[in-house]
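Visitor: Before I ask anything, let me first share the structure, which is written out below as structure tokens.
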Amino acid sequence: MAFKVPVFWRVVRTPEAERDHHAIEKAVTALESTLVIANAQLSEQAFLCGSCLTLADIQLGHVLYRYYDIELTRTSLPNLRRYYDALTKRPAYQTHVMISYEELRRS
């Protein structure tokens, strides 16, 4: 919930001329205050809960696709980025997560 409505909808569903950039930046900062926890966790292991993919990774993984796919100014979270890059190489992630959402965009 810290991403979909306060960040994603404001970037994707709101025409550029109508975007509240301050609100988006504030929401990204709030989201990233949580993502730093995942970044720290991923500094010690391949997945959120250890060495195997779990439901936690599925929950975060689908959010990360859009987080990294939309135009945002992001804080450097290198472990999270490495994790995301690894997810994007998984065939199931490519097939089921990395799908177009162009119909949601408003220009």
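Visitor: Which one of these does residue 63 not meet: (1) touching a helix residue (DSSP H, G or I) at 6+ places or on another chain (Cβ under 7 Å); (2) surrounded by 15 or more Cβ atoms within 10 Å (Cβ to Cβ)?
Guide: Among (1) touching a helix residue (DSSP H, G or I) at 6+ places or on another chain (Cβ under 7 Å); (2) surrounded by 15 or more Cβ atoms within 10 Å (Cβ to Cβ), the lone unmet condition for residue 63 is (1).
Visitor: Now for a separate question. Let me confirm something: among 84, 65, which residue is closer than 28 Å to residue 19 by Cβ, in contact (Cβ under 8 Å) with a residue 24 or more places away in the chain and within 11 Å of the chain's Cα centre (by Cα)?
Guide: Criteria check complete, one pass: 65.
Visitor: Based on what the data block shows, is residue 37 loosely packed, with under 15 Cβ neighbours inside 10 Å and free of Cβ contacts under 8 Å to residues at least 60 places away in the same chain?
Guide: Here the answer is yes, as residue 37 does meet what is asked.
Visitor: I'm trying to understand the selection: among the residues of region 1-33, which are under 14 Å from the mean Cα position of the chain (by Cα), farther than 17 Å from residue 73 by Cβ and part of a helix (DSSP H, G or I)?
Guide: Listed by number, the residues that qualify are 4, 5, 9.
Visitor: Which residue is surrounded by the fewest Cβ atoms within 10 Å (Cβ to Cβ), if the candidates are limited to region 7-18 and must be under 13 Å from residue 63 (Cα atoms) and touching a helix residue (DSSP H, G or I) at 6+ places or on another chain (Cβ under 8 Å)?
Guide: Top of the filtered list is 8.
Visitor: Right, something else. For region 85-107, enumerate the residues that are surrounded by 10 or more Cβ atoms within 10 Å (Cβ to Cβ), farther than 22 Å from residue 10 by Cβ and hydroxyl-bearing (Ser, Thr, Tyr).
Guide: Result: 88, 93.
Visitor: So, in region 42-60, how many residues would count as being assigned to a helix (DSSP H, G or I), under 14 Å from residue 84 (Cβ atoms), out of contact with any strand residue (DSSP E or B) (no Cβ under 9 Å at 6 or more places or on another chain) and not β-branched (Val, Ile, Thr)?
Guide: Residues that pass the stated criteria total 2.
Computed from the coordinates by the stated procedures, all read-outs in this text should not be read as laboratory data. Since the model is a prediction, treat every value here as computed from it, not as a measurement. Backbone-built Cβ (ideal geometry, glycine too); neighbour counts: all protein chains shown.
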